[in-house]
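All remarks here apply to the structure that follows.
The values are calculated or read from the model by the stated rules, or taken from the named source; none is laboratory data. Remember, it's a predicted structure, so these values are computed and weren't measured experimentally. Here the Cβ positions follow ideal geometry from the backbone for every residue, glycine too, while neighbour counts run over all protein chains shown. Only protein heavy atoms, including side chains, enter the accessible area calculation; ligands, DNA and RNA are left aside. Shrake-Rupley method; radii C 1.70, N 1.55, O 1.52, S 1.80 Å.
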Amino acid sequence: MTSRFATTVAPVMLAVAAGALLTACGGDDSSASSTPSLTSSATAAATTTEAPTSTSASATSTSPGATTIPGAAATAPDEAEPVPSGFPGPTEVPIDARGTAFLDALKSRGVTVAGNGDIAIGTASYICAAQSEGVADDQVLTFVTANVGAEASASGATISAEDASRTAQTYVDVARSTYCG
């Protein structure tokens, strides 16, 4: 009778233990569903921490790098520090002769690029790299069409799918004739 009991009750006990463990862990939901709050042990720890006996102006200052009293709310600095000149570097990268030739050829075909042409030159670099790696023309054209749409959006213009496809083909043709070496 003992072995029959063990073979019947043991799996049931194992299932109950597994269920209790999953219930204790919170089930299978991994998302937070409530706002965290301090527990009594965290509150007790915070109240037993020795606070400074005197508060100086620098301890409660909101200037960058200043210390705050534990438990005090953190605030943003009142004024932003000026950015040093030249930080993080130049905002525009000079365009080389190859890039200028590419942009001029696009302009002669009626394509207007956004800004100083950085997006267009990046697209030309992609076209050349894809060509050298043997990427299929339809894949290149798909990527370039997306870049044409992004460039139009960056310049504040809207472009139809047909115009984006035509312009993308122009990018590919011009890049292969002027930019890829």
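The residues of the range 103-181 present an accessible area of 54 Å² per residue when probed at 1.4 Å with all protein chains retained. With each label modelled as a point 7 angstrom along the Cα→C-beta vector, the Lys107-Asp173 pair spans 2.0 nm.
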